[in-house]
Amino acid sequence: MALHLKTVNVRHHKLTAEKETVIMPYSCNLVIPMLQHIGRPCVPTVKVGDSVLKGQIIGEATEFMSAPIHASTSGKVVSVRDMLCPSGVYTPHIEIAPDKEDKSIEPLSFKIDSLSDLVDATRQLGMVGLGGAGFPTSIKLNPKNIDEVDTLIVNATECEPFITSDYREMLENAEDIKEGIELLKKLMNIKNAYIGIEDNKPKAIEIMKKLSGDIFEVKTLKSRYPQGAEKVIIYHLTGRKVLEGQLPADVGVVVINVTSLGSLVRGLKTGLPLTHKRVTVSGDCVKEPQNVYAPIGTPIDKIIEFCGGVVNEPEKLIMGGPMMGVTMCHGSMPIIKNTNAVLLLSKKLADTPEPTACIRCSKCVSACPFNLMPTVFEHAYHDGDLEALEKHKVMLCMECGCCSFVCPAKRPLVQTNRLAKAALREKK
Amino acid sequence: MDNLTVTSSPHFRSNNSTSKIMLYVILALLPTTVVGCVYFGINAVLVVLTGVVFAVLSEYIYEKIMKQPITVGDLSAAVTGLLLALNLPSTTPLWMVALASAISIIVVKQLFGGIGCNFANPALVGRIVITLCFTSETSKFIEPFVNANVDATAGATLLNSIAANEKLPELWRVFLGLHAGCIGEVCSLALIVGGVFLVVTRVINPAIPLSYILTTYLFTTALGYDGLYGILSGGLLLGAIFMATDYVTSPLTVKGKIIFGIGCGVITTVIRIFGSNAEGVSYAIVFMNVLTPLIDNLTAKKSPFAKPNKKEAKAK
Ligand code: SF4
Ligand code: SF4
C-alpha cells in the first residue's frame, strides 16, 4: 500500500497571507440564514419588529443534527422570509437592521468539568466546522465510541488556493489553539494530538512548534491539494483508512479545523456565541484582497465593497476555494459560519473551457486521491449503467476536483460524479 | 459584478490540453523525423509531408461533409499522419501514403466516432492495410544515403538479417540508425531522446514502453537470438514509445499498461521468430489494442477506501 495518496499541484495564490485580519464594521442589514451547517435547519425564534441583542438565539436547533444560530449584532428584526441559502435549499432568513450599538447579551457562563459539559457549551455557542464543511462541532466532539478515540487531529492544512483564514488564525490566535488542544485532550482522554500544516506556511509551523511542548506535535505536510480533505489528512498522519460509510471516530480519530478550535476556545472564554467569521476576500478582481472579520449575515457585495470594490472584469464569484467552492450568480448572498473565502476571479484564472472528447489519457485516473476512475464513471453514467457506477464506487468520490483539474479534454468529471451519486441515491 | 458565470467546481483547471499533448508528441517525434529525412533524403521528406497533409485534410473534409465541429486544431490527425509516414519506407509511392492517411483517419478514426472512440491505433491500421494490399511497393527498404531513384536495390532490414542469421552490423551503427528500414524507425538514439522527453513532460507513462521493450529483450534472448538487436530493430522502439502508448487504444491503469506492454512484447517476438512476417510490431500492438477493454475491465482500480468485500474480509 502506497504511503501517500495521489495529490495534485495547484498554484497557491495566497495573496492575503501577510495581511492582518481587519474587523468589518456594521454598515448594512444582516441577512442570517437558518441553515449554516450540515443537518437540519433551525427554527426562527423571533418575528418582525423584535429587538435582538448580539449573541441572542434567533434560530433554535430543535433537532440533533443542528446548531443554534445567533444574532450577529443588536438591532431590529425587519424581515423573516424563505430564501435560497448558500447550500442550495430554501430556508427562512432573518434580516436584522443593526442599531449600531452592538449590545451583547449577558455572557453565558460555563463550568467545564467533563466532556458532556464541553459538548453542551459547544452546542450553546453555535459552533460548527468552520473550515467549510459546517459539521456541528458538538456532535463531532461526542462520538459514540469515545473510548476508542486515541488521536486528535487539528486540520490547519488549508490546501485550497487563495484562502488564508486558517493561516491567520494560527498567527493571531495561536494560544487559543493550544488551549483548545489541551482541553480536548483532557476531556476526551486522548493520547496523541497533531496539528497538520502544509509546508507553504513556515511561519505558522514555527509558531505552533514553539507552543507545542509535550501537548501536541506539529506535522508538516507537503503543500499539495487536497491534503486537507478529512480522509486524506487522517491517512497521511496516522496511516488509518476511514472506509466507505465510516466516520473518523470509527478509526479512533477526531479531526477539527483549526479556526473551529480557536473560535470554540474564545467562545468558552468570553461566553459569547459565534457571531463573526474570518473570511479571506481575494482574487484578481478585488481591489484590496484581505482577511476580513465579518459579522455572519453580511452580504457578499458589502464585504467586497469594504475591500475597495471590484477591479477588472470578474468571471466568477466563488464562496469557498477555487477547487471546491460554489459559484454565485449575484453578490446578495450572505456569508455564513462556514464561509472561509469570497473570491472574485477573472476569466484568466477561472475559465471553464468547453469540454472536448475524452482521449483516455488516464490522467484523471492517476490523479484521484482515492484511486477512483472518473473517466469510467463518465462513460457508465452516460450509458445509464448504475451497476458499474456502484461497482467502481462513485459514492466514495469526495468531489475534490483533482480529476477535472488535470483533464486535458476539460471534461466536467466532478459534475458527472455528482449526478451519478444523485442517481444512485435515488435508486436506493 | 454582472455577467457572473455559474459552473460546477473546480474553477481552476490545469493548463494541459489535448492539443498541447499532441504538440509534445510531434516535438518528441522531431528528432527521428529529422534523422530519417537526412538519411533517406527528399523522398522521405515527401512521404512525411504527404502523410501529415492528407491526414489533416481527410479529417477536415470528413468533418465538413458530416457537418461536425472541425477538430484538426487538436493536432491529433497530424500526429496520426506523421506516425504513419514514419512507419513506411521512403520508397513508398506518395499516392499510397495519401491513401493510407485517408484510411487511418476516415475509416479507423472518424467512422468509429472520432478522437477517443477508435478501437485500434489509426496509423497502424492504415499502415497494415496498405502493406497487405501493396506488399512489394511498401517493402523496398534502402540503406541510408542511397539515392533511391538511381540505385533502388532494396537493402535488407535488420530484421531480415536477424531472421536469416546473417552477420549483423556493429551495434553503434544500429544505434545511430545506419541501416535499412522505415523512415522513423532506424535511429534508436533519436527515438529514445523522444521517449525520454515524453516521460519527463508526463505525456506518457513509461509503463508500456519499458514492459514492451524488456519483454521483447528477454523473450528474444530466451529463444536464442540476440535480444539487443531485437529491440533496436524492426520499429520496436518506434512502436513501443509512440504507437503502443496511444492513449485511446491502451489501458487506463498502470497495471493494465504493464500487461499490455508484456502482451505486445510476447506477440511481437512470436510473430518475428515463428511467423513469416517481419512486421511483428504493428500486428502485436493492434492485437493488444483490441484486448484493451478486456484488460481495463480486469485491472480496474480498487479504492483503498472501499469496504473490503466479504471474501477479503474473511481472509483477514
Ligand atoms: S483526464 Fe480527461 S481525457 Fe484523460 S482519461 Fe480522464 S476524462 Fe479522459
Ligand atoms: S472529484 Fe472524486 S473522482 Fe475526482 S479526483 Fe476527487 S475523489 Fe477522485
Worksheet item: Only one of these conditions is not met by A:P369: (1) out of contact with any Leu (no Cβ under 6 Å at 6 or more places or on another chain); (2) within 16 Å of ligand 2 (Cβ to nearest atom). Which number is it?
Response: (1)
Worksheet, complete the sentence: Apart from one, (1) without any contact (Cβ under 8 Å) to a residue 60 or more places away in the chain; (2) touching a strand residue (DSSP E or B) at 6+ places or on another chain (Cβ under 9 Å); (3) open to solvent by 20 Å² or more (accessible area, probe 1.4 Å) all hold for A:D214; the odd one out is (2)
Worksheet entry | region B:249-264, residues that are over 10 Å from B:L210 (Cβ atoms) and of a type outside the set (S, T, N, Q) | B:P251, B:L252, B:V254, B:K255, B:G256, B:I259, B:F260, B:I262, B:G263, B:C264
Item to complete: Quick one: B:G263 ticks every box in (1) away from chain A (no Cβ under 14 Å); (2) closer than 28 Å to B:L23 by Cα; (3) open to solvent by less than 20 Å² (accessible area, probe 1.4 Å) except a single one, so which number is it?
Response: (2)
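Conditions tested, residue by residue: (1) in a helix (DSSP H, G or I); (2) at pLDDT 95 or above; (3) within 20 Å of B:F242 (Cβ to Cβ).
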position	(1), (2), (3)
B:N118	no, no, yes
B:T135	no, no, no
B:S139	no, no, no
B:N160	yes, no, no
B:P169	no, no, no
B:W172	yes, no, no
B:F175	yes, no, yes
B:G194	yes, yes, yes
Worksheet item: Only one of (1) within 30 Å of A:P161 (Cα to Cα); (2) more than 20 Å from the chain's Cα centre (by Cα) is not met by A:C85, so which one is it?
Response: (2)
Discussion item. Return the residues of region B:212-253 that are part of a helix (DSSP H, G or I), touching a residue at least 12 places away in the same chain (Cβ under 8 Å) and small (G, A, S); say none if nothing qualifies.
Written reply: B:G230, B:G239, B:A240
Discussion item. Condition (residue is modelled with pLDDT of 80 or more and open to solvent by 20 Å² or more (accessible area, probe 1.4 Å)) applied to region B:81-93: is it met by at least one residue?
Written reply: yes
Practice prompt. Please verify whether region B:41-52 includes one or more residues that are over 25 Å from A:I359 (Cα atoms), among the hydrophobic types (A, V, I, L, M, F, W, C), modelled with pLDDT under 95 and open to solvent by 20 Å² or more (accessible area, probe 1.4 Å).
Written response: yes
Discussion item. List pairs: first residue in region A:104-124 and touching a residue at least 24 places away in the same chain (Cβ under 8 Å) and of a type in the set (F, W, Y), second residue surrounded by 19 or more Cβ atoms within 10 Å (Cβ to Cβ) and part of a loop (DSSP other than H, G, I, E, B) anywhere in the structure, Cβ distance under 9 angstrom, at least six positions apart or on different chains.
Written reply: A:F110/A:L125
Worksheet item: Does region A:331-356 hold any residues that are within 7 Å of chain B (Cβ to nearest Cβ) and touching a helix residue (DSSP H, G or I) at 6+ places or on another chain (Cβ under 8 Å), and which are they?
Response: A:G331, A:T356
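Residues A:T327, A:T339: which one is away from ligand 2 (no atom under 15 Å from the Cβ), without any contact (Cβ under 8 Å) to a residue 24 or more places away in the chain, farther than 19 Å from B:T299 by Cα and surrounded by 21 or more Cβ atoms within 10 Å (Cβ to Cβ)? First the steps, then the outcome.
Details: A:T339 fails: without any contact (Cβ under 8 Å) to a residue 24 or more places away in the chain.
Of A:T327, A:T339, the one residue that is away from ligand 2 (no atom under 15 Å from the Cβ), without any contact (Cβ under 8 Å) to a residue 24 or more places away in the chain, farther than 19 Å from B:T299 by Cα and surrounded by 21 or more Cβ atoms within 10 Å (Cβ to Cβ) is A:T327.
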Fill in: Qualifying helices (runs of 4 or more DSSP H) (wholly inside region B:6-116; at least 1 residues being within 14 Å of chain A (Cβ to nearest Cβ) and either under 30 Å from A:G331 (Cβ atoms) or of a type in the set (G, A, S) (or both))
B:18-40, B:76-86
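One line per residue, one yes/no per condition, for (1) buried (at least 21 other Cβ atoms within 10 Å of the Cβ); (2) within 14 Å of chain A (Cβ to nearest Cβ); (3) not acidic (D, E):
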site	(1), (2), (3)
B:L168	no, no, yes
B:L176	no, no, yes
B:V186	yes, no, yes
B:L198	yes, yes, yes
B:L237	yes, no, yes
Practice prompt. Quickly run through region A:279-301 and pick out the residues that are closer than 18 Å to A:A71 by Cα and open to solvent by 10 Å² or more (accessible area, probe 1.4 Å).
Written response: A:Y293, A:P299
Discussion item. Given (1) open to solvent by 10 Å² or more (accessible area, probe 1.4 Å); (2) within 12 Å of ligand 1 (Cβ to nearest atom), identify the lone condition not met by A:P408.
Written reply: (1)
Practice prompt. Of all residues in region B:117-132, count the ones that are open to solvent by 30 Å² or more (accessible area, probe 1.4 Å), under 18 Å from B:D74 (Cα atoms) and either more than 14 Å from chain A (Cβ to nearest Cβ) or free of Cβ contacts under 8 Å to residues at least 24 places away in the same chain (or both).
Written response: 0
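Please note which strands (runs of 3 or more DSSP E) are completely contained in region A:1-110 and include at least 2 residues that are open to solvent by 60 Å² or more (accessible area, probe 1.4 Å) and not polar (S, T, N, Q). Outline the logic, then answer.
Details: elements: A:30-33, A:57-60, A:75-84, A:90-98.
It comes to A:57-60, A:75-84.
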Fill in: Within region A:372-391, considering residues that are more than 10 Å from ligand 2 (Cβ to nearest atom) and touching a residue at least 40 places away in the same chain (Cβ under 8 Å), the one most open to solvent (accessible area, probe 1.4 Å)
A:Y381
Worksheet item: Taking region A:353-385 only, how many residues are at positive phi and within 12 Å of ligand 1 (Cβ to nearest atom)?
Response: 2
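So that you can scan it fast, the table gives a plain yes or no per residue for (1) of a type outside the set (K, R); (2) in a loop (DSSP other than H, G, I, E, B); (3) under 22 Å from the mean Cα position of the chain (by Cα):
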{"residue": "A:L183", "(1), (2), (3)": "yes, no, no"}
{"residue": "A:N200", "(1), (2), (3)": "yes, yes, yes"}
{"residue": "A:I205", "(1), (2), (3)": "yes, no, yes"}
{"residue": "A:V218", "(1), (2), (3)": "yes, no, yes"}
{"residue": "A:V232", "(1), (2), (3)": "yes, no, yes"}
{"residue": "A:Y235", "(1), (2), (3)": "yes, no, yes"}
{"residue": "A:V254", "(1), (2), (3)": "yes, no, yes"}
Discussion item. Yes or no: region A:274-289 includes at least one residue that is touching a residue at least 40 places away in the same chain (Cβ under 8 Å), in a helix (DSSP H, G or I) and hydroxyl-bearing (S, T, Y).
Written reply: no
Response to the item:
Among residues of region A:372-428 being within 10 Å of chain B (Cβ to nearest Cβ) and of a type in the set (K, R), the residue nearest to B:S19 (Cα to Cα) is A:K410
Fill in: All positions within region A:392-428 that are within 7 Å of ligand 2 (Cβ to nearest atom) and among the charged types (D, E, K, R)
A:E399
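The values are calculated or read from the model by the stated rules, or taken from the named source; none is laboratory data. Fair warning: this is a prediction, and the values are worked out from it, not measured in the lab. Cβ: placed from backbone, ideal geometry, glycine included. Neighbour counts: every protein chain shown. Note: areas computed on protein heavy atoms with side chains; ligands, DNA, RNA excluded. Shrake-Rupley method; radii C 1.70, N 1.55, O 1.52, S 1.80 Å.
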